[in-house]
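Participant: My structure is below; once you've seen it, I'll send some questions.
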Amino acid sequence: CLYDGTATVAGLAALVLRLADDRGWERFAYAGISLGGAVGLHLAVHHPERLGALALLCSSAVFADGAAWRERAASVRADGTGPLVAPSTGRWFSRPATAAGPLGTRLLDDLRTADPAGYAACCDALATYDLRAELPRVAAPTLVVAGRDDQATPLSHARELADGIPGASLLEIAHAGHLVGVERPRAVSAALRAHFAPASGAPGPVPDERAGRN
């Protein structure tokens with residue numbers, strides 16, 4: 001069960017594979033941010049035959065001490081996710097205007113109203129997650145994207161990923177916090193389209209960077 005304190009990144013990755021199987025996707029490209037990136041990295045390490053390409057955005061091979069995540073899980077189970085909104089604002093966004101704008105407000109509201117059991121389960125998963133020793137096993141072409149102002153997964157985390165994964169590329173994006181795709185959508189979209197574009201094709205049109213910015 002995902003909600004009894006035993007959730008793992010491996011379990012979340014198994015759900016992704018179940019979805020891929022239901023869709024008939026024997027091999028697929030994967031991009032994930034933060035915990036989503038951890039899930040993608042697990043897939044690349046343990047199910048390399050399924051991934052054709054990988055992008056890790058503001059993610060890490062290990063996020064923090066497990067005790068800190070257990071503590072956050074317990075706090076959320078007791079008090080909900082509302083108390084996390086204020087500290088998350090500065091971690092997620094490098095600019096107050098983004099946090100106060102329509103998209104930033106919606107994302108913070110999503111956090112405030114998130115299911116406590118589900119959020120706590122994600123904390124449980126991160127408490128036991130550590131793939132630092134497994135990075136050399138990643139065979140999928142990998143792009144690592146980092147926000148230079150990211151406080152949740154600082155640049156050192158991104159550089160560890162890029163240095164440890166054979167052939168990985170690293171893109172550092174200025175003026176962006178943890179939600180790099182929200183603050184710099186044009187730069188992130190362009191990088192992802194180029195990384196995932198078929199060798200014989202060209203990337204599609206890139207959306208205006210002003211979308212998602214305030």
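The values are calculated or read from the model by the stated rules, or taken from the named source; none is laboratory data. In this text, all values refer to a predicted model and were calculated from it rather than measured experimentally. Methodologically, a virtual Cβ is constructed for each residue, glycine included, from the backbone with ideal geometry; neighbour enumeration extends over all protein chains shown. Side chains are part of the model used for accessible areas, which takes the heavy atoms of the whole protein and leaves out ligands, DNA and RNA. Shrake-Rupley method; radii C 1.70, N 1.55, O 1.52, S 1.80 Å.
Participant: Stokes-Einstein diffusion coefficient for the range 66-202 at 37 °C in a medium of 0.692 mPa s, Rh from the Kirkwood formula over Cα pairs: what value in µm²/s?
Facilitator: Details: Rh = 16.7 Å.
For the chosen part, D equals 197 µm²/s.
Participant: Normalising by the residue count of the chain, find the relative contact order in percent from Cα pairs under 8 Å and 6+ residues apart.
Facilitator: Numbers: 388 pairs, mean separation 50.2, N = 214.
Relative contact order for the chain comes out at 23 percent.
Participant: While we're here: What FRET efficiency comes out for Glu26 versus Ala78 if R0 is 30 angstrom and r is the Cβ-Cβ distance? Round to the nearest 0.05. Let's see the in-between values first.
Facilitator: Values: r = 43 Å, r/R0 = 1.43.
Step by step, r from the Cβ atoms, then E = 0.10.
Participant: Which longest run of the chain has no exposed loop site in it, a site being trypsin sites (Lys or Arg not before Pro) in a DSSP loop with at most 11 other beta carbons within 10 Å, and the site itself not part of the run?
Facilitator: On the way: sites that count: Arg27, Arg210.
Answer from the scan: 28-209.
Participant: At 1.4 Å probe size, with no ligands or nucleic acids counted, give the accessible surface of Val16 in Å², nearest ten.
Facilitator: Surface accessible to solvent at Val16 totals approximately 40 Å².
Participant: Viscosity 0.890 mPa s, temperature 25 °C: give me the Stokes-Einstein translational D for the range 1-129 in µm²/s, with Rh taken as the Kirkwood radius over C-alpha pairs. Write down the numbers at each step before the final one.
Facilitator: Values: Rh = 15.8 Å.
D = 155 µm²/s.
Participant: Under the definition of Cα pairs under 8 Å and six or more residues apart, what whole-number percent is the relative contact order of the range 80-183?
Facilitator: Numbers: 136 pairs, mean separation 33.1, N = 104.
Reported as a whole number, the value is 32 percent.
Participant: Still on this structure: At what distance in nm do the modelled label points of Arg148 and Val85 sit from each other, each positioned 7 Å from its Cα along Cα→Cβ?
Facilitator: 3.2 nm
Participant: Divide by every residue of the chain the summed helix terms, -39500 (n - 2.57) for each DSSP H run of at least 4, and state the resulting mean residue ellipticity at 222 nm, rounded to the nearest 500 deg cm²/dmol.
Facilitator: Here the helix-only value at 222 nm equals -14500 deg cm²/dmol.
Participant: Would you work out if the range 67-141 is rounded, prolate or oblate? Take a ≥ b ≥ c from the square roots of the eigenvalues of the alpha-carbon gyration tensor; rounded if a/c is under 1.5, else prolate when a/b is larger than b/c, oblate otherwise. Mind showing how you got there, number by number?
Facilitator: Numbers: a/c = 2.54, a/b = 1.34, b/c = 1.89.
Oblate shape, in that a/c is at least 1.5 and b/c is the bigger or equal ratio.
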